[in-house]
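The structure under discussion appears below in the form of structure tokens.
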Amino acid sequence: MYILRVQNMNCGGCVNTIKKTIQQIDALAVIDVELSTKTLRINSSMPEAVIIQAISDAGFQPLR
């Protein structure tokens, strides 16, 4: 499981975009989002670096 903070995740639209982005590279990923703390908990078989890059490519700023 990976835990990331996404500084510029501000709304439900952002959450949906990030979830879709992750699910495009791992359709079986389980993603839990806490918008109030801008935190993602991701259970995925993909390497963390791949997930971080995908989120970044979607225009967001993930931090470990």
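The numbers here are math on the coordinates, done by the rules we state, and not lab data. Just so it is clear, the structure is predicted and the values come from calculations on it, not from any experiment. Positions of Cβ are backbone-derived with ideal geometry, glycine not excepted, and every protein chain shown enters the neighbour counts.
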Residue by residue through segment 14-43, note down the ones that are without any contact (Cβ under 8 Å) to a residue 24 or more places away in the chain and assigned to a helix (DSSP H, G or I). Val15, Asn16, Lys19, Lys20, Gln23, Ser36
Just to be sure before I move on: is Ser56 exposed (fewer than 12 other Cβ atoms within 10 Å of the Cβ) and either of a type in the set (Gly, Ala, Ser) or part of a loop (DSSP other than H, G, I, E, B) (or both) in the structure I sent? no
Can you go through Met46, Met9 and tell me which one is touching an Asp or Glu at 6+ places or on another chain (Cβ under 7 Å), among the aliphatic types (A, V, I, L, M) and surrounded by 12 or more Cβ atoms within 10 Å (Cβ to Cβ)? Met46
